[in-house]
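Have a look at the structure below, then the notes.
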C-alpha cells in the first residue's frame, strides 16, 4: 500500500475535501421496488456504483424483503455478499454482471467468493445455485464459516479481512441480530456494508447486550477510517421522518435512500448506551426493534396481511 494511502487510512479525518485515496462511486436517487406494475418490473436492478463495485437489488415482485446484494471486484477475484431471498435466479444475474465486467476489462475469467452478511434466509436462499460450481468458493453462513473465510481468529472481538487482489476488505463480527453477522469495509471506496444491523428501517435486535457491543465495535473500527457510505441490506423506511413501510410491503414508491452515514452509527450507539434494557426506539431514519416470540408472531401476521393485499394488485398498483 502506498505510504500516503496508509497514512490517510490511519485516521478517519482526511486533510482536504478531495476524496483522499477513496475511489468515487454514485448511488441512484431512487431504487426500483416492487411495482407499480410487476409485469414491467425487472426481477433484479443492477446498479454500477463504480466500474468495480455493483449493487444488486431483488424486486419486491419476487420477494417482499427486497434485499440488496453487493458484488465487488479485485485484481484476483470477486466477492459477492449474500445470495438473495426466496426463489430468485440470483446466479444468472451475477454471472451476467461478471461476464460484462470481464469483457470490459479484456479478461477471460475471475474466481468468485460468495460470503454472507448473516445467516437469515432472505440472504442465503440462493446459496444452492453457487454450491459446487467451478470457480466459485461458497463460505457457509455460520460463525465457523465467517471466521474461516475472513481469517477472524477470535470471534467476535478480532477483526478479519479478505484480499481480492490489490483490494482489501475488512471484516468486523457484529452479532446481536444474528450470531454469524459480519460487517464489511471496502478500503478502496470507504463503503461500510452493515448487513441487517444498520439500514433505513426496523433493526431487529435478538440479543440486546451483544448487539450493543457490536455497535460499539463498529464505532471503534470507523474511528480510524474514512466512511463514505454505510450501506445495509434493506430499505423499510419512508422518505418521511419517523415513518416506515409495514413488513410484507412489495412496493415502496416513497422509500428512504439506501445510504446512511457514520452519524447514524453514532446515533445507534447513543441509543444503545442510553437504554441498557430492550425497548422499541423510533429515530428519524431507523427504529430499534427488540425481538421476542410475541413480536415475531405479530410481525408474521402483519407480513401475511400486507403481502396478500399487495399481491392481489401487484400487476397494477397505484403510483
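The values are calculated or read from the model by the stated rules, or taken from the named source; none is laboratory data. What you see is a predicted model; the values in this text were computed from it and never measured. Cβ atoms come from the backbone with ideal geometry, glycine included; neighbour counts cover every protein chain shown.
Restricting to region 127-147, name every residue that is surrounded by 16 or more Cβ atoms within 10 Å (Cβ to Cβ), part of a loop (DSSP other than H, G, I, E, B) and in contact with a strand residue (DSSP E or B) (Cβ under 9 Å, 6 or more places away or on another chain). If you could, list the steps in order and put the result at the bottom.
First pass over region 127-147, keeping only residues surrounded by 16 or more Cβ atoms within 10 Å (Cβ to Cβ): 127, 129-130, 136, 138-141, 143, 145-147.
Going one step further and asking which of them are part of a loop (DSSP other than H, G, I, E, B), we end up with 139-141.
Within region 127-147, 139, 141 qualify.
Conditions first: (1) within 19 Å of residue 161 (Cβ to Cβ); (2) under 12 Å from the mean Cα position of the chain (by Cα). Residue 76 passes all but one, so which condition is the exception?
Among (1) within 19 Å of residue 161 (Cβ to Cβ); (2) under 12 Å from the mean Cα position of the chain (by Cα), residue 76 violates only (2).
Tell me which of these residue 121 doesn't satisfy, since it passes every other one: (1) buried (at least 20 other Cβ atoms within 10 Å of the Cβ); (2) closer than 30 Å to residue 247 by Cα.
With (1) buried (at least 20 other Cβ atoms within 10 Å of the Cβ); (2) closer than 30 Å to residue 247 by Cα applied to residue 121, the lone miss is (1).
Name every residue in region 148-192 that is in contact with a helix residue (DSSP H, G or I) (Cβ under 8 Å, 6 or more places away or on another chain), free of Cβ contacts under 8 Å to residues at least 60 places away in the same chain, within 19 Å of residue 72 (Cβ to Cβ) and surrounded by fewer than 22 Cβ atoms within 10 Å (Cβ to Cβ), in order of residue number.
152, 160, 161, 170
Only one residue in 245, 283 is within 24 Å of residue 82 (Cβ to Cβ) and crowded, with 16+ Cβ neighbours inside 10 Å. Which one?
Values: 283 fails: within 24 Å of residue 82 (Cβ to Cβ).
Going through 245, 283 in turn, just one is within 24 Å of residue 82 (Cβ to Cβ) and crowded, with 16+ Cβ neighbours inside 10 Å: 245.
Any idea which of 269, 309, 303 is farther than 14 Å from residue 208 by Cα and buried (at least 16 other Cβ atoms within 10 Å of the Cβ)?
Unique residue meeting the criteria: 303.
Can you name the number of the only condition in (1) part of a loop (DSSP other than H, G, I, E, B); (2) modelled with pLDDT of 95 or more; (3) farther than 21 Å from residue 146 by Cβ; (4) in contact with a strand residue (DSSP E or B) (Cβ under 6 Å, 6 or more places away or on another chain) that residue 47 fails?
(1)
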